[in-house]
Each structure stands twice: as structure tokens, then as C-alpha cells.
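What follows is one structure encoded as C-alpha cells, with my remarks underneath.
The values are calculated or read from the model by the stated rules, or taken from the named source; none is laboratory data. Treat the numbers as computed from the prediction; the structure is a model and nothing was measured. Glycine gets a Cβ as well: all are built from the backbone with ideal geometry, and neighbour counts include every protein chain shown.
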Amino acid sequence: MDVYHYTIAVKIPRIYQSGGLNVSTGFVTPPEKPAVWFSTNDQWEPSAAKMNGVTMKAFDLEQHVRLLGMCRFKTNEKLLPTLREFSRIDHLAEMGFTPETATPLALAGIMMDGNPVDWWFSLYKVPLDKLTFEVPVPKSITELGTLYYEQTNPTEFYHKWARSAGTVLTGKMSKPGELNLEQGTIH
């Protein structure tokens with residue numbers, strides 16, 4: 001089964017600089033453990049939505065694609081044996097949750113139109129060699145219904161997004177596995 005980690009363009013350089021998807025420590029309260037989150041939803045995971053700082057509402061799918069440069073990393077349970085299902089009590093226990101402490105998180109996701117049955121996690125960093133990088137095909141933004149995703153080069157995607165968003169690219173990253181924004185290549 002394929003699983004997807006949805007993210008936005010500004011995070012691509014940091015992901016490549018670190019060599020993979022790092023566990024998220026945001027909003028983690030012990031005994032809960034940090035995790036890398038995935039979804040089996042192959043269109044969009046609503047609970048991954050970023051918040052609009054002005055309206056304090058979550059951006060919708062079109063805004064994520066058009067304004068934030070939505071992209072995703074794809075893997076599967078065969079490539080990543082550390083994947084665990086959020087909906088399994090024994091897997092929740094590995095993460096430091098009980099059914100009672102997981103309920104508020106599940107309810108928050110449901111309120112955002114997410115489905116906790118779709119959620120998977122890894123308690124360990126996920127290396128880039130276990131991931132495929134994908135973006136939605138731009139023409140499908142205007143179509144209602146199914147989004148089509150295609151594999152692409154993350155450097156090219158980031159540069160296109162940055163130009164369209166008017167973002168200024170700064171900094172050099174020259175270590176192995178890092179994204180070099182000035183050269184447009186991955187070492």
C-alpha cells in the first residue's frame with residue numbers, strides 16, 4: 001500500500017539538506033513521541049493543511065497547490081518497514097498514545113475532513129532513497145475531481161514555484177544529499 005507525506009515547496013531545501021523526512025516535534029507532548037506523518041489518501045490529506053495567518057483558517061487544496069507549492073513524498077510499507085497505522089491500538093502505544101490521548105488528535109483531523117484510518121506514521125527519519133517526489137499536474141488545479149500527480153525533479157519544481165511565488169532564493173548547500181538552489185542540482 002502506498003502512503004504519502006504532503007508538504008509545501010518552502011520545505012523542500014530543508015528536507016534535502018537533512019537527507020530525508022525528519023520526525024515532527026511540533027505539538028508533541030511527552031509521553032507522545034515525534035513522528036513522520038503519512039496518509040493513504042492519494043489525493044490530499046486535509047489534516048496536513050497549513051493555516052492562513054490572516055484568516056486563521058486552513059488553506060484549501062487549490063490554495064495549497066497555487067500559493068504554497070503543494071507536493072508530496074510517496075513510499076510504501078514494503079520500502080519502509082517502520083510504518084505504523086494510527087488506527088491500531090498497539091501502534092498507538094509505540095507512539096506513546098492511549099486511545100484516550102489519541103482521540104483529540106483524531107477528532108481534530110476529522111474536523112478538517114481528514115480520516116484517521118488513512119493515517120500512518122514512522123517514529124524514525126525517512127531517508128530520501130525510500131521516497132519518490134511528486135507534484136500535482138498544474139492543469140488539474142482547475143478541474144473538479146481527481147488530481148493527477150507525476151514524478152518530477154524537486155529542484156526544478158522548487159525553482160518554478162519560487163519564480164511564480166516571487167520568492168528570493170538565498171544560501172548555498174554543498175554537502176552530499178543537499179539541494180543546491182543556485183545550481184539547480186542535487187548533489
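Of all the residues in region 19-60, those that are out of contact with any strand residue (DSSP E or B) (no Cβ under 9 Å at 6 or more places or on another chain), farther than 25 Å from E77 by Cα and either among the hydrophobic types (A, V, I, L, M, F, W, C) or in contact (Cβ under 8 Å) with a residue 40 or more places away in the chain (or both) number 5.
For region 27-44, the criterion of a residue being surrounded by fewer than 21 Cβ atoms within 10 Å (Cβ to Cβ), closer than 19 Å to Y149 by Cβ and of a type in the set (S, T, Y) is satisfied by at least one position. If you filter region 74-126 down to residues that are among the hydroxyl-bearing types (S, T, Y) and part of a helix (DSSP H, G or I), you find that the one that is surrounded by the most Cβ atoms within 10 Å (Cβ to Cβ) is T101. Among the residues of region 8-15, is any modelled with pLDDT of 85 or more and loosely packed, with under 14 Cβ neighbours inside 10 Å? Checked against the condition, which is being modelled with pLDDT of 85 or more and loosely packed, with under 14 Cβ neighbours inside 10 Å, region 8-15 yields at least one hit.
Scanning region 83-133 for residues that are among the aliphatic types (A, V, I, L, M) and either within 14 Å of the chain's Cα centre (by Cα) or under 20 Å from G20 (Cβ atoms) (or both) turns up L83, M95, L123, V126, L128, L131. If only residues of region 90-124 that are at pLDDT 90 or above and of a type in the set (V, I, T) are counted, the one that is nearest to K33 (Cα to Cα) is T103. Among the residues of region 1-58, those identified as over 19 Å from R84 (Cα atoms) and assigned to a strand (DSSP E or B) are T7, M51, A58.
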